[in-house]
Amino acid sequence: MKKALFITLLCCCCIKGFSDSYYFAWDGIGLSTKYNYNAGQSWGTYQYKGIANGLGTGFMEINQQFNLNYVNNGTTSPFGSNIRYNANYYFLAPMVVFQLNKSGSLQCYVDGGAGYSQSGTATLNKWQHVSWSQGGVYDSSIDETTNISTFAFRAGFGFTQFYALGGNFHLFLNEDFGFLLSPLMQTDYNTQTLSGTQQFFQPSYFSLRIGIAFITHSKDAESPYRIYL
């Protein structure tokens, strides 16, 4: 998948007649603001064109891993539960880009769109270690993968900084903040151990990205990152 993204970027280099076009391919990692289990990988592309001085529009492709763990009552409690969730989503999101300084080397964007689940697993573990309680002692593990949401909706914003590599190619760093507008998993549990999970994880994600940008008009330009019509 990552090789295909960079091949797509290189193909864009062959396009002529678009002096105000911008193409990006990136890789990165992200952390959830709640229920985080480990860093989630992310990669993708985006492109945009200038529609006015300092303003551009385009779209972003995002492949995002959500690596989460919800624990109720803690693992040392005599009874409790946890849900382990690991899934990958592909999002396609229209975006608007703003130039923040005169040279265009600092930019920000907002985006929002829909995504679908490409793969994933979800496991519910419940335990009770006291014999006198109703149900007795048990420790069960239940596969909940079928309850992973097929579709999800996301909005986000971020900041981008550029560094020249040579010719029309540039290195860029990107800090992205993503917000889920719908739950990643559908649940119908109504028990004490899983109270509050009817609307399952909707975590915000903070991601750091690094990638290569191809800016068609930038070679030998005094301000290669300026957005213009």
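Quick one: if the Förster radius is 35 Å, what FRET efficiency do SER119 and PHE59 give, using the C-beta to C-beta distance and rounding to 0.05?
In this case the efficiency is close to 0.90.
Once ligands and nucleic acids are excluded and a 1.4 Å probe is used, how much of PHE79 is accessible, expressed in Å² to the nearest 10?
90
Report the calculated FRET efficiency for LYS34 and LEU229 (r = Cβ-Cβ distance, R0 = 25 Å), to the nearest 0.05.
Calculated value: 0.05.
Let's test the formula: R0 of 25 Å, r as the Cβ-Cβ distance of ASP143 and GLN41. What FRET efficiency results, to the nearest 0.05?
Efficiency, rounded to the nearest 0.05: 0.60.
How long is the gain from HIS217 to GLN186 if the chain were fully straight, where each residue apart is worth 0.36 nm and the alpha carbon distance is subtracted?
My answer for the length gained is 6.5 nm.
Looking at segment 24-165 from every direction and averaging, what is the projected area of its Cα convex hull in nm²?
Averaged projected hull area, Cα only: 10.8 nm².
The values are calculated or read from the model by the stated rules, or taken from the named source; none is laboratory data. None of the values given here were measured: they were computed from a predicted structure. Every residue, glycine as well, gets a Cβ built from its backbone with ideal geometry; the counts of neighbours run over all protein chains shown. Only protein heavy atoms, including side chains, enter the accessible area calculation; ligands, DNA and RNA are left aside. Shrake-Rupley method; radii C 1.70, N 1.55, O 1.52, S 1.80 Å.
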